Every structure is written in C-alpha cells, then in structure tokens.
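Chemist: After the structure tokens below, expect a handful of questions from me.
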Amino acid sequence: MRFQRSWHRLIAALTLLLPGGVPADPLPDLAPATQQLWVSVGVVNARGRAGAASCSGTLIAPDLVLTAAHCAGASGGTERRRHFIVGWTENGYLAPRVSVDTDVHPAYPVARGNTRFKFDVAVLQLDAPFPPGLVTAPKISAPPDDPTTPFALLGYNRTGSDHLSGRFDCPNLPQDSADVLMIGCEVTSGNSGGPVLAQVDGEWQLVGVVVGRIGGDRPAALA
C-alpha cells in the first residue's frame, strides 16, 4: 500500500472524537458561502450520487480522504469500494471520485468493546487526484491545550445530503482519556467520518474525526 508510511505518521497527529451526549440541536445546514469554504468535506457512500450520505470524509491530500474505519466497510478488516463526492448541493456536485485502496488503523480490526472507537479511523486512496485549486485540504494539527477552545464539526447526514451541515461553537467537554475528544454538539447518522476542527494559529485546522456519539453511558457508533 503506497501511502501506508505517511498514513501512520498521520495517525500520530490526530486525536479521535467521541461527541458528547449533551442536549443540543443537530448540526444545521451551512450557508452557501460557508459551504464553499469547506469543499474539502464530502459525502462518503457506496452508491455515489444515487445514494444518500452514509458517512462524511475530508480530503487531506489530492487523492486521500480521511474518514472513520466503519465508513470504509472495514468492520472485519476488509475493504469495499467507496465513493467520495465534494461540493454536493441540490444543484449538483463538483466532482466524484472512487476509492481504490483503504488503509485502516491497525488496531481497529482486532479491538473489541468500547475501546474500538479510539481506532475507528481510515484513509481512502482515490482513483484520481483532484485538480490543483479545485479543493484545498485543511491543515492537520494536534488539538489545542486550552480546554476553553471551541471545536467545529462538519458533515453530511442521511436525510439532507444536499447540504453540508456544521457548527463552529461546539464546547470542549471534560476528557476521560487523552486518546478521545468529548465534544458538546449533537451528531446524527451520516456525520461519522466528518472532520473535527479547532482554531490553531488563527485558522481552522483538522484535529480529529467524528466516530460516534454518547447514548446513555455507552458509546454508539454511527453507521
């Protein structure tokens, strides 16, 4: 797998997310002008434009998409082809791509129980890179140390795939583990694999991945 070495470096730079279960409104649709700023966030599914958003993902290189492992069809350590569509609105989309390879966190296939969500992350290699200038990938950074720093969550959902949704004011909740971020914004089916962003050096940078939500006292992965 030609991108495996760079992918392992990327794992070390990211903190995974388990969104908090505090009462909140679902992620609202973003205004068209804001959507245009985040074309790098797209729909991940098995059917392309013919299907709804089963998950979300973020372009991190011209031909690489960061998403959740369960979004990559990797529950048993296997891989299935996935479509990645950016700029999806009711008027169409910018460009579709199809995955040709998948690299899953090595601990995900063998992890069990509630610890598995910590490793629920994967990178899809696309069949062709996006042209320069069409889609700009966000920078990747470690989460900020300041516990008062708000986070942003972005993604598509299964019932409204024509609109990118998100919030930029999600509170940082107390952490149970250094490996997991707890975010106080509601997520729904389709948001899995979407980016978690934080202000770093004055700009929104990618610091994590949406992998699930808290329901009661147990994590529940989003399909």
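The values are calculated or read from the model by the stated rules, or taken from the named source; none is laboratory data. In this text, all values refer to a predicted model and were calculated from it rather than measured experimentally. Positions of Cβ are generated from backbone atoms using ideal geometry, with glycine treated the same way; all protein chains shown enter the neighbour counts. Just so you know, the surface numbers come from the protein's heavy atoms only, side chains and all, with ligands and any DNA or RNA stripped out. Shrake-Rupley method; radii C 1.70, N 1.55, O 1.52, S 1.80 Å.
Chemist: Restricting to the range 170-183, name every residue that is buried (at least 16 other Cβ atoms within 10 Å of the Cβ) and either modelled with pLDDT under 85 or assigned to a strand (DSSP E or B) (or both).
Modeler: Cys170, Asn172, Leu173, Val180, Leu181, Met182, Ile183
Chemist: Tally the residues that are open to solvent by less than 70 Å² (accessible area, probe 1.4 Å) and within 24 Å of Ala61 (Cβ to Cβ), restricting the search to the range 110-136.
Modeler: Total satisfying the criteria: 14.
Residue-by-condition table, conditions (1) at pLDDT 85 or above; (2) buried (at least 17 other Cβ atoms within 10 Å of the Cβ); (3) in contact with a helix residue (DSSP H, G or I) (Cβ under 6 Å, 6 or more places away or on another chain):
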position: Val100; (1), (2), (3): yes, no, no
position: Tyr108; (1), (2), (3): no, yes, yes
position: Pro138; (1), (2), (3): yes, yes, no
position: Arg158; (1), (2), (3): no, yes, no
position: Phe168; (1), (2), (3): yes, no, no
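Chemist: Quick one: Thr58 ticks every box in (1) outside any loop (DSSP other than H, G, I, E, B); (2) open to solvent by 30 Å² or more (accessible area, probe 1.4 Å) except a single one, so which number is it?
Modeler: It fails just one condition, (2).
Chemist: Quickly run through the range 77-87 and pick out the residues that are at pLDDT 80 or above and either surrounded by 17 or more Cβ atoms within 10 Å (Cβ to Cβ) or on the phi > 0 side of the Ramachandran plot (or both).
Modeler: Once the filter is applied, which keeps residues that are at pLDDT 80 or above and either surrounded by 17 or more Cβ atoms within 10 Å (Cβ to Cβ) or on the phi > 0 side of the Ramachandran plot (or both), the range 77-87 yields Arg82, His83, Phe84, Ile85, Val86, Gly87.
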